[in-house]
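The values are calculated or read from the model by the stated rules, or taken from the named source; none is laboratory data. It should be emphasised that the depicted structure is a prediction, and the values quoted were computed from it without experimental measurement. Neighbour counts are summed over all protein chains in view; Cβ atoms, including those assigned to glycine, are modelled from backbone coordinates with ideal geometry.
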Ligand SMILES: *Cc1c(COP(=O)(O)O)cnc(C)c1O
């Protein structure tokens, strides 16, 4: 069957051989669980991509052009994830096409290298910005930021502002922040990993004045887990390759120097070289994005069907649950309210991970006693695995109040 996701079959022989068990991923496109199953046509494109060698700089250029056309942006570049896209964007904004600055990163003092971030927008992925050598400047407060605070934070040493959509609070609009950045010769980089697609957001962010947007290939697009897209202004995207590509070339035959107006003297490896992208990631991503654009979210159907089955299998009298029709990645989710029946959520999640087939659920709301089942990585059989594990554990926890808290 053409829609059969890889991973639902029995051929896990390489992992079996080295003693790595399969798990149930009820978290969704989580990197720590390997991401979501790929559609067979994505896998096929990845396999075909390894048959012949190609020039990677040429492949990146053409793939970027194709992605830009499909996404409706000026230019694009394939990265190993949204996180790598943030590092490459930062490096490109600090070093541009200057070989001496490219060689100096991540240690740099003689060029603008500060990146401002609203306190409300802080996130562990800020690490990816720092990895390029940027010094983070935190602006405002978690629940409120004045545009004046943003303006005062931007100085001659500022290369960029990193902006994360979807954070609540009383903060300046993206357009206002882009205006302040422009007056200070700084650029705005958007971490769009969770909020684009929908592609309308991407268009709006660039209309508001963003220079770069980092996207994840492994989330909404269901592309290879180690893929991402950096979208941006063509003149800026043109310098991204210099931070990323293999520069083991002789000066006299260096193709980029001969082709473009940039320096004839190549830099050495850029700070992004460890985040390399293989041709199979690029091929798989192109097919995944094409599929997404032809029918947004259609490939989530198998996982959603499994979630619907779980909904019919769960017994509301035991652990109350809520079905939410949509969530951050535009898919339905189930919330299991363990707190409502006074079950210890940490002990319960740990016990799920200790099942013969370990089960992982989303713990972002565990602080209020809720575990979330996310459908994007569920495969056939997972609804049964989850529902029977929940019934077993619920019974066991109620009989053993020492584990289950005050119940
Ligand atoms: C997932 C995520 C990333 C990282 O994306 P990868 O493609 O896994 O590198 C960055 N920022 C945010 C907000 C994310 O949710």
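Side notes on the structure shown:
- Filter result for residue 138 (more than 16 Å from the ligand (Cβ to nearest atom), surrounded by fewer than 22 Cβ atoms within 10 Å (Cβ to Cβ) and either under 17 Å from the mean Cα position of the chain (by Cα) or farther than 30 Å from residue 268 by Cβ (or both)): yes
Yes/no matrix, rows are residues, columns are (1) within 16 Å of the ligand (Cβ to nearest atom); (2) in contact (Cβ under 8 Å) with a residue 24 or more places away in the chain; (3) part of a helix (DSSP H, G or I):
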| residue | (1), (2), (3) |
| --- | --- |
| 133 | no, yes, no |
| 150 | no, yes, yes |
| 160 | yes, yes, no |
| 167 | yes, yes, no |
| 177 | no, yes, yes |
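- Of all residues in region 270-314, exactly one satisfies the criterion of being touching a helix residue (DSSP H, G or I) at 6+ places or on another chain (Cβ under 7 Å), exposed (fewer than 15 other Cβ atoms within 10 Å of the Cβ) and within 25 Å of residue 373 (Cα to Cα), namely 313.
- Subset of region 211-251 [part of a loop (DSSP other than H, G, I, E, B) and away from the ligand (no atom under 13 Å from the Cβ)]: 211, 233, 245, 246, 247, 248, 249, 250
- Of all residues in region 13-45 being outside any loop (DSSP other than H, G, I, E, B) and under 20 Å from the mean Cα position of the chain (by Cα), the one that is surrounded by the fewest Cβ atoms within 10 Å (Cβ to Cβ): 32
- Hits in region 80-111 - residues which are within 11 Å of the ligand (Cβ to nearest atom) and not in a loop (DSSP other than H, G, I, E, B): 82, 83, 84, 85, 86, 87
- Scope region 179-197; condition assigned to a loop (DSSP other than H, G, I, E, B) and closer than 21 Å to residue 84 by Cα; matching residues: 186, 192, 193, 194, 195, 196, 197
- Within region 150-170, the set of residues being over 21 Å from residue 111 (Cβ atoms) and either surrounded by fewer than 19 Cβ atoms within 10 Å (Cβ to Cβ) or within 24 Å of the chain's Cα centre (by Cα) (or both) comprises 151, 152, 163, 164, 165, 166, 167, 168, 169, 170.
- Of everything listed in (1) at pLDDT 95 or above; (2) surrounded by 18 or more Cβ atoms within 10 Å (Cβ to Cβ), the single unmet condition for residue 267 is (1).
- Failed condition for residue 201, given (1) over 26 Å from residue 53 (Cα atoms); (2) assigned to a helix (DSSP H, G or I); (3) within 16 Å of the ligand (Cβ to nearest atom); (4) in contact with a helix residue (DSSP H, G or I) (Cβ under 9 Å, 6 or more places away or on another chain): (4)
- The residue that is surrounded by the most Cβ atoms within 10 Å (Cβ to Cβ), among those in region 112-131 that are touching a strand residue (DSSP E or B) at 6+ places or on another chain (Cβ under 8 Å) and in a loop (DSSP other than H, G, I, E, B), is 113.
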